[in-house]
Amino acid sequence: MRAAHRRAPGEPRAVGYLYVLPALVVYGAFLLYPFGQSVWLSLLHWDGLTAATWAGSDNYRDLFTDPALRAPFWHALVLLLFYSALPVALGLLLAATMSRIRVRGLTFFRVVLFLPQVLAMVVVGVAWRSILAPDGLLNDTLDAVGLDALSRPWLGDSTWALPAVGGIGTWVGTGLCMVLFLAGVQRIPRERYEAARIDGAGAFREFWSVTLPGLRAEVAVALTLTIVAGLRNFDLIYITTSGGPGNATSVPAYEVYHRAFETNQVGSAAAVAVALALMIFTLTVAVSKLVEGRRG
Amino acid sequence: MSTRGERLLTYLILGFFSLVALTPVIGVLSTALGPQSSLSTGFTLPEGSPEWGNFADAWDRGHFGTYLGSSVLVSVAVVTATTVLAVLAAYAFALMRFPGATVLFYLFVLGLTLPQEALVIPLYFDLRELELTDTYWALILPQTAQSLAFGVFWMRTYFRNSSPTVIEAARIDGAGTWTTLWRILVPMGRPAISTMVVIVFMWTWNEFLLALVMVSDESHRTVPLGLAFFQGQQNSDTALLAAASVLVALPVVAVYLALQRRFIEGMLTGAVKE
Amino acid sequence: MRIPAPPRTTRRGTLRRARAVAGLALGAALLATACVPGTDGSNATRGGPGASTAIPDPAGAGKVTLTVWDQEIRGGTNGAIKELNDEFQEKYPNVRIRRVVRSFDNLKTTLKLALSGNNPPDVVQANQGYPDMVAFVQAGLILPLDTYAGIYDWNTRYPGTLLNLNRVSADGSTFGTGRLYGISQTGEYIGLYYNKDVLRDAGLEPPRTWADFTASLPRLKQRGELPVQFGNLDQFPAIHTFGVLQDQFDADQARDTVLGRGDGFDNASTRRAAATIVDWTKRGYLAEGANGLGYDDAAKQFASGDGAYLLTGTWLLADLKKSMRDRLGFMPPPPATAEGPPVTTGGQGLAWSVTTGTKHPDVAAAYLDFITNEHAADVMTRHGVLPAVPGRAADRVSPDTVDGQMIAGWKRLNAADGLVPYLDYATPTFYDTLSKNLQDVIGGKVSPDRLATTLDREYDAFSAKRRAGRAGTEDER
């Protein structure tokens, strides 16, 4: 709200309530209120059919004690490496290499790299299910370059299914980060690079002292967007693995659906949902704090 | 100069990642034009002339005509409702001062972090109680609420950055808040609004979980669900599945190609500006 | 069913505390949920079948749209249903059938939502056993069909063992006995598809005994052929493979267990079946990376000549025949001794049930009768589908064709009482537990021992709960 203090915030007008009201009604009725109900449901044992009983913190305790519920959250954290950390790292790599030059054809690259972001996850899932199939494109490519030892049934391998699903997330997120950083790096004043070079900075130090600080805001945005996307990945899991093999790729977002609508454990599902929301909220706040902290 | 090497490296990296980004897309496109009932399970190349008929077949067999109709209706409704409501609310948040404004605004921002998964369970039971499941309302209302989080946030940024002198001039001319908004600020804000429109359109078009839970009636189904179920049915027909995927992705991709700046701006720079 | 409101009448102390917590946590808005939670879920009484015993005439029902959800997506069954639907609509021009088709997986995941929604379909295909059919009965979502069974003579049309699979006890506690909640159209069993060319090239005859079959596996492997094609990405196929193996080791035990009168899964046949899967996977008798291969993709690869055998259900016959023609052979899993009684997993196709939400139960029942009568059986036979009760057309099919092999196998199985119901019927969550654990068995993450104890624990817990439930006190947790 710093901006609010800097600028005149407009005149006081009660009529403001009238403008806000319609949005607030819809928003309150279909977002805030249901969320409150989710919290309420998470305190109950309820199968969605018969009478509910009070559960207190049981459902939340299960999140820590029941391995079948702990696993999805652990998987989610692993997936964040692929959905968030890796794309940001790759984006920064690109930003570092091109910090000194002007790229021609930027629009083309931007359009292409960003394309995965606009595709429906269902379409992405269908395409990747085919690529990751035992005789799919990925294994064929590995075989062709003599790496047949690496080829495996990606989505069906207890160890590799999770990284494979993560890889799809990396594919989706990398373009976003690259486009974001491409734009950001071009905005960093040339003089800073020149100054760094006069100081005799190598490419590595230049990256740490000029490029990275200059991209701070973009990194924060990239992390926020990819974290949120990475934790709400229901569609992709539903299409590719349904949480399998075994529970190797079960994630909170899928578990919510599975428990609430397939196995009639509504209370437990609501607890997972609330925990997921908390997780997203905490990580988002942490990212912004981290960035602001460094700024100060 | 070292820039030559750097230039080459940059283009190599850009080229590599562009290739990676495009491969699945091209794979699906090429498979979509391949022969039906081929026994191949992966991507295929068209044999001989491309089989454009696959699209018609997928359209017929997968009922994508109906699904597209549902998707268009839901998207238009959500986009329209979000735009109107978000513009009104954001206008007040940006330019008027009233008690509780800050808290209310942050309440909306909170929605940016609330995943659909955290809402869908009570939404389903509530809407079923109201007999609204299996209607378009069950898709429109919750999605409008979710889109409002972004819409309010985004439009407030625009109104904040709009020129105070213009608003001042309007007031001196005797225009009220209502007239100022619709006659001056909204027409001036067309770029910002269209960005919001395309983003909300894309989200709505691609929404999956809500559609899966709320709609079991075939005639209200939207395209992503249609594709997911089509995958189950046509697993054995890779070409048709690919053709259907293209049909599902095409509207958003078309809008994206036409308005790519708006898309990218909307998804990326909104938060940077704040 | 509404979102439950705080309980009011019981356990006052807890209640007050609960309210206080809720109030703190959620604010006043939440307490506005002061609606009474539905307590019984029993709309079972709604729309019961009329008491009449005359055959209802759909022609007199006025304009009717019958929404039917089925999962007959495959070539043969899809064709048969289409033809039968057309004929039904021709016969009763006032009835329009709105058919919604989706795959077994997708039907399974969405049916619960659809049935409890506001506009449930009129007729649905429900999977038998505790996970689906019993759950639907308990929630009062599907109608008992006993009256119609009397009117249409379904009781004599079907053998009792088949009909019993579609029964649930009146209190909704037990599957396999009690009221009739659906009838099946097709017969189904897991059998052994084989590629005649691949076997001949390896110098092998189609196996006549189980020992022949297992002995042929290393031989095929040595020749560089894939012995058994298998894709388990979709999670359900391993249930069938496992079931067939378990049946080989102890069919009676398996049958008793599924039907709720057995001793569970902590036994030798469970362990041996799982160990066999592990062994076959290790030796490469089963397709490598089966967990990553889609079910239909595996079938496609088998059709294109990759794999000597494919162990799966009769429902794939029509599709496989289309691309393999004369190369395709089929039989029940070979018995222990040549010409001995075969055993396998199977029974009948998903049950066709009438929902409690339908406004036209009579028309729905007439439809059920129409798609399962003798004429329908002949239509199915023509489409390469196995009818639950083969009709005249089935008798005319040459025994040398693959269809003939399938029908003959069905008759042998029924005569020998060799069908064991699908294992996933066993408890409400058994489909989930079994399919996920079998994926892990194949992946080497779960040992046969652990599988046996995991399955047994779930089975025991459910049996105990069921006994408690029958004793009269509903366990709400």
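When only Cα pairs under 8 Å and 6 or more residues apart are kept, what is the percent relative contact order across chain B?
33
Could you tell me the relative contact order of chain A? Use alpha-carbon pairs under 8 Å, at least six residues apart, and round to a whole percent.
In percent, rounded to a whole number, it is 28.
List, in the order given, every pair from C:LYS112/C:LYS436; C:LYS82/C:LYS411; C:LYS221/C:LYS445; C:LYS112/C:LYS359; C:LYS91/C:LYS321; C:LYS359/C:LYS411 whose Cα-Cα distance in the structure shown is over 28 Å.
Table pairs above 28 Å Cα-Cα are C:LYS91/C:LYS321; C:LYS359/C:LYS411.
For Cα pairs less than 8 Å apart in space and 6+ apart in sequence, what is the mean separation divided by the residue count of region C:254-370, i.e. the relative contact order in percent?
Contact order relative to length: 9 percent.
What residue among A:LEU92, A:LEU182, A:LEU24 has the largest mean-square fluctuation in a Gaussian network model of chain A, using Cα springs under 10 Å?
A:LEU24
In Å, the Kirkwood hydrodynamic radius of the protein assembly as shown over pairs of distinct alpha carbons?
30.8
How far, in degrees from 0 to 90, does helix C:268-283 lean away from the longest principal axis of the Cα atoms of chain C, to the nearest 10?
60
Compute the long axis of helix B:223-233 from its Cα atoms, compare it with the longest principal axis of the Cα atoms of chain B, and write down the angle in degrees, 0 to 90, nearest 10.
Roughly 20 degrees, rounded to the nearest 10.
Run lengths n ≥ 4 of DSSP H only: what is the helix-derived mean residue ellipticity at 222 nm for the protein assembly as shown, with -39500 (n - 2.57) per run over all residues, to the nearest 500?
-18000 deg cm²/dmol
What's the percent breakdown of Cα-Cα distances in region B:7-144 across 5 Å bins, shortest bin first?
Each 5 Å bin holds this share of Cα pairs: 2, 7, 9, 10, 11, 11, 11, 13, 11, 7, 4, 2, 1, 0.
What are the ³J(HN,Hα) values, in whole Hz, obtained from phi via the Karplus relation 6.51 cos²θ - 1.76 cosθ + 1.60 with θ = phi - 60°, for each residue of region B:242-254 in sequence order, with x given for Gly and Pro?
Using θ = phi - 60°, the values come out as 5, 4, 5, 4, 4, 4, 5, 7, 3, x, 5, 5, 4 Hz.
DSSP loop chymotrypsin sites (Phe, Trp or Tyr not before Pro) in region B:23-89 with at most 13 other Cβ atoms within 10 Å of their Cβ, which ones?
B:TRP52
What would the Debye equation give as log₁₀ I(q)/I(0) for chain B at q = 0.12, 0.13 Å⁻¹, counting only Cα atoms as equal point scatterers?
Per q value, in the given order, log10 I(q)/I(0) is -0.90, -0.99.
Hey, got the dipole for the protein assembly as shown? About the Cα centre, +1 on K and R Cβ, -1 on D and E Cβ, debye to the nearest 20?
4140
Would you mind telling me which residue in A:ARG61, A:ARG129, A:ARG152 has the biggest mean-square fluctuation in a Gaussian network model of chain A, where springs connect alpha carbons within a distance under 10 angstrom?
A:ARG61
Direction-averaged shadow area of the convex hull around the Cα atoms of region A:205-296, nm²?
So the Cα hull casts an average projection of 7.7 nm².
Measure nothing but the geometry: give the 0 to 90° angle between the long axis through the Cα atoms of C:104-116 and the longest principal axis through the Cα atoms of chain C, rounded to 10°.
Compared with the principal axis, the helix lies near 10 degrees.
Every number in this text was worked out from the coordinates using simple rules, so none of it is lab data. The model shown is predicted, which means the values in this text are computed figures rather than measured ones. Every residue, glycine among them, receives a Cβ derived from its backbone with ideal geometry; neighbour counts consider all protein chains shown.
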